[in-house]
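Inspection log for the structure reproduced underneath, given as structure tokens.
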């Protein structure tokens, strides 16, 4: 399988997703949008992964490549590709599928639990998420659930934490790919957002426990395995 990912800033890469993909023997390519690299041809990949970033999906004036990126995502979804979006990537997918994306009213940054939505039982991710699990968050925007999509989870601070559409397009508001190094990079580059509000932890709290990242990445591998398995079966 050929996998292509879209990267918005240098400090938000694939994290542990890369080790999974390489371990499975998949071809891997990338568009670094911040460096002005071209978007891929639709027939060059089977799986599109859209990573996070500090910009918003409507910041076209500052980031003129956003319009072309949305077209790339739309084209991939229409062509029946496997698609995974994380944080900003999830918001871009929601927008492409016709849902509203907007500021949630507050930031959610750090380690907070999400509760699995009942609708997930009818999707290929049914066995991936426990009823409740602690995951890593770093976002201020959120989205509505697109038509014909199944919600995945919710948290106290954010009602819509993800969705799955037609069993092959997965959007996660939270991060499962994050490692201690990539979390430290987020703190370094976006630390001004750690404002001490109720759903924002300190840098010390975020980086304190390496075992949290191990559990987080195990869940990421399970999700990728489920997506891959479903795609290969169809």
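Observations on the structure shown:
- Qualifying residue in the stretch 32-48 (condition: touching a residue at least 40 places away in the same chain (Cβ under 8 Å), within 20 Å of residue 180 (Cα to Cα) and touching a helix residue (DSSP H, G or I) at 6+ places or on another chain (Cβ under 7 Å)): no
- When 198, 210 are checked against the criterion of being touching a residue at least 24 places away in the same chain (Cβ under 8 Å) and either surrounded by 14 or more Cβ atoms within 10 Å (Cβ to Cβ) or in contact with a helix residue (DSSP H, G or I) (Cβ under 8 Å, 6 or more places away or on another chain) (or both), 210 stands alone in meeting it.
- Residue count for the stretch 94-127 under the criterion of being in contact (Cβ under 8 Å) with a residue 40 or more places away in the chain, touching a helix residue (DSSP H, G or I) at 6+ places or on another chain (Cβ under 6 Å) and more than 21 Å from residue 182 (Cβ to Cβ): the result is 3.
- Residue 183 falls short on exactly one of the conditions (1) crowded, with 17+ Cβ neighbours inside 10 Å; (2) in contact with a helix residue (DSSP H, G or I) (Cβ under 8 Å, 6 or more places away or on another chain); (3) not in a helix (DSSP H, G or I), and that condition is (3).
None of the figures in this text is laboratory data; all of them are computed from the coordinates on show. The structure displayed is predicted, hence computed values, not measured ones. Cβ: placed from backbone, ideal geometry, glycine included. Neighbour counts: every protein chain shown.
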